[in-house]
Amino acid sequence: MKGAQAAKQGKTVFLCKQCGFESRKWLGRCPDCGAWDSLSQSAVQNRLISTAAAEVQLLSDTGGSGDDSARLLTGIAELDRVLGGGIVPGSLVLIGGDPGIGKSTLLLQFMAAVSATAGQVLYVTGEESLRQIRMRAARLKVAEAAIAVSTETCVEAISALALKLQPTLVAIDSIQTMFSQEVASTPGSVTQVRESAARLLVLAKNNNLPVFLVGHVTKDGSIAGPRVLEHMVDTVLYFEGDRGQMFRILRTVKNRFGSTNEIGVFTMREQGLVEVENPSALFLAERPENAPGSVVMPSMEGTRPIMVEVQALVSRSHGGTGRRTAIGADSQRLALLTAVLEKKQGLTLIDQDIFLNIAGGIRIDEPALDLGVAAALLSSYLERPIDAHTVLCGEIGLAGEVRAVGHMEQRLRESRRLGFTRFLLPTSTWRQLQEKKTDTGDMLLVPVSSVSDLAETLFAR
């Protein structure tokens with residue numbers, strides 16, 4: 001290679017198969033990810049050291065206005081949302097998720113849409129045959145799209161093919177099946193995944209070509225391979241949901257070109273992934289009427305307010321100390337709120353099993369969920385249903401106080417749009433809305449300052 005010379009062969013190291021941690025000696029347990037018996041011996045590969053002078057360019061001469069006009073739209077509004085407004089030229093995007101959740105389906109669908117407006121695209125698969133891809137494309141009704149398909153797994157050959165075809169974008173399914181000829185290890189190993197991703201990164205940046213990578217996930221839900229893989233790419237998207245459910249949540253975990261809090265909502269049907277334009281109505285469609293332990297909370301996912309149903313079940317334990325189980329929410333937060341209710345409301349929950357669920361398979365991580373969880377727990381414990389037209393949100397502190405949360409105006413608008421008439425919110429937020437003279441229409445705003453106020457407002461007669 002012109003302007004480069006090979007370095008000398010180094011010593012052997014021990015690499016963790018789970019996270020890529022390097023150690024000079026063998027260890028029974030990886031210090032980084034905690035996996036047992038995961039370190040294996042590997043020879044340090046030759047590295048190419050460049051001797052050519054580096055080129056520089058003034059930032060003002062790089063071109064572009066810095067806006068989103070250069071983004072490439074995928075034709076799927078929910079995907080454009082999580083990407084920050086579309087695909088950025090030269091970006092490297094990693095999509096992870098459980099097997100069979102819809103990663104390959106999403107790739108084919110949006111690549112067909114892109115090919116119809118921006119020209120030919122390249123789809124490289126190392127896991128399926130061309131016949132299998134054709135069968136899926138026929139089911140999705142995109143078999144006639146301008147999608148070039150290859151089963152090549154060598155990244156050097158893929159780069160050469162991309163330079164020859166000059167496609168609008170490239171998709172690799174999956175990165176764990178790719179290998180580099182310059183690395184003496186098997187495909188799927190930590191070294192191969194890292195080096196293959198590095199070469200595809202060079203392809204993307206040097207040619208202003210967007211590249212999408214599909215990544216396998218481990219048992220704990222993280223992307224398999226070295227953790228440096230997620231640091232190398234520009235955007236990381238995760239598919240959430242159960243294959244047995246119809247809902248699919250596409251969540252942004254990392255995005256150098258947009259918000260990391262956005263989600264895209266899809267349903268899986270026979271014709272593929274279908275966008276959900278009104279997620280709030282979908283999540284509340286099967287909400288039971290007059291059922292204790294159920295309450296609605298407006299959650300903010302990036303710039304989008306989504307109404308979700310918070311369900312709680314409190315029942316006597318038959319094994320001594322009660323269990324604490326949370327699905328779609330932080331279990332540690334559930335334990336904290338349970339302790340606050342015991343201390344401030346005098347509830348006896350130590351001998352109660354407590355189960356918390358966010359209906360629809362969505363996961364909520366924001367503190368605004370606290371007030372909804374506390375209300376659902378009180379409702380289930382007292383066997384008293386909450387009015388069906390009531391929504392609430394707010395953070396609860398250890399002293400039992402209700403603290404302010406952001407984006408309240410957006411939450412109010414979404415609640416009004418879906419027909420809710422009463423909104424319980426933190427007292428400090430209520431004062432701010434009064435000072436700003438916010439138009440709330442026919443929505444009744446009820447301030448609450450503590451969990452005691454919450455219980456009295458909801459259940460006092």
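Here are the numbers:
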item	result
Positions within region 115-142 being closer than 25 Å to residue 178 by Cα and either of a type in the set (D, E, K, R) or part of a loop (DSSP other than H, G, I, E, B) (or both), in sequence order	120, 126, 127, 128, 129, 131, 134, 136
Enumeration of residues in region 312-356 that are open to solvent by 50 Å² or more (accessible area, probe 1.4 Å) and within 20 Å of residue 384 (Cα to Cα)	313, 316, 342, 344, 345, 346, 348, 355
Single residue of 385, 367 found to be open to solvent by 50 Å² or more (accessible area, probe 1.4 Å) and under 20 Å from residue 459 (Cα atoms)	385
Those residues of region 257-276 which are open to solvent by 70 Å² or more (accessible area, probe 1.4 Å), part of a loop (DSSP other than H, G, I, E, B) and either free of Cβ contacts under 8 Å to residues at least 40 places away in the same chain or of a type in the set (S, T, N, Q) (or both), in sequence order	261, 271
Check on residue 127, touching a residue at least 40 places away in the same chain (Cβ under 8 Å), in contact with a Lys or Arg (Cβ under 9 Å, 6 or more places away or on another chain) and surrounded by fewer than 18 Cβ atoms within 10 Å (Cβ to Cβ)	no
Residue among 169, 201 that is surrounded by 22 or more Cβ atoms within 10 Å (Cβ to Cβ) and within 27 Å of the chain's Cα centre (by Cα)	169
Neighbours by Cβ (under 7 Å, 6+ apart or cross-chain): first from region 74-91, free of Cβ contacts under 8 Å to residues at least 60 places away in the same chain and within 11 Å of residue 262 (Cα to Cα); second of a type outside the set (Lys, Arg) and open to solvent by 20 Å² or more (accessible area, probe 1.4 Å)	80/73
Subset of region 86-109 [more than 13 Å from residue 173 (Cβ to Cβ), modelled with pLDDT of 90 or more and of a type in the set (A, V, I, L, M, F, W, C)]	87, 88, 92
Top-ranked residue of region 233-256 - restricted to ones that are basic (Lys, Arg) and either open to solvent by 60 Å² or more (accessible area, probe 1.4 Å) or touching a Cys at 6+ places or on another chain (Cβ under 9 Å) (or both), ranked as nearest to residue 201 (Cα to Cα)	256
Restricting region 388-398 to residues that are under 26 Å from the mean Cα position of the chain (by Cα) and without any contact (Cβ under 8 Å) to a residue 60 or more places away in the chain, the residue that is surrounded by the fewest Cβ atoms within 10 Å (Cβ to Cβ)	395
Within region 277-299, considering residues that are part of a strand (DSSP E or B) and of a type in the set (S, T, N, Q), the one farthest from residue 390 (Cα to Cα)	299
Residue, most open to solvent (accessible area, probe 1.4 Å), within region 442-461, restricted to residues that are in contact (Cβ under 8 Å) with a residue 12 or more places away in the chain, within 19 Å of residue 388 (Cα to Cα) and not in a helix (DSSP H, G or I)	442
Condition check for residue 356: under 30 Å from residue 262 (Cα atoms), free of Cβ contacts under 8 Å to residues at least 60 places away in the same chain and in contact with a helix residue (DSSP H, G or I) (Cβ under 6 Å, 6 or more places away or on another chain)	yes
Checking residue 439 against (1) in a helix (DSSP H, G or I); (2) open to solvent by 60 Å² or more (accessible area, probe 1.4 Å), the condition it does not meet	(1)
Those residues of region 181-196 which are buried (at least 20 other Cβ atoms within 10 Å of the Cβ) and within 18 Å of residue 150 (Cα to Cα), in sequence order	196
Positions within region 333-356 being polar (S, T, N, Q) and modelled with pLDDT under 95, in sequence order	345, 348, 352
Candidates 165, 200, 130, 161, filtered to the one that is touching a helix residue (DSSP H, G or I) at 6+ places or on another chain (Cβ under 9 Å) and not charged (D, E, K, R)	200
Candidate set: region 278-296, residues that are without any contact (Cβ under 8 Å) to a residue 24 or more places away in the chain and farther than 17 Å from residue 313 by Cβ; chosen: the one least open to solvent (accessible area, probe 1.4 Å)	278
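The values are calculated or read from the model by the stated rules, or taken from the named source; none is laboratory data. Model, not experiment: these values are computed from the prediction. Glycine also receives a Cβ, built like all others from the backbone with ideal geometry; neighbour counts cover every protein chain displayed. For accessibility, only protein heavy atoms count, side chains too; no ligands or nucleic acids. Shrake-Rupley method; radii C 1.70, N 1.55, O 1.52, S 1.80 Å.
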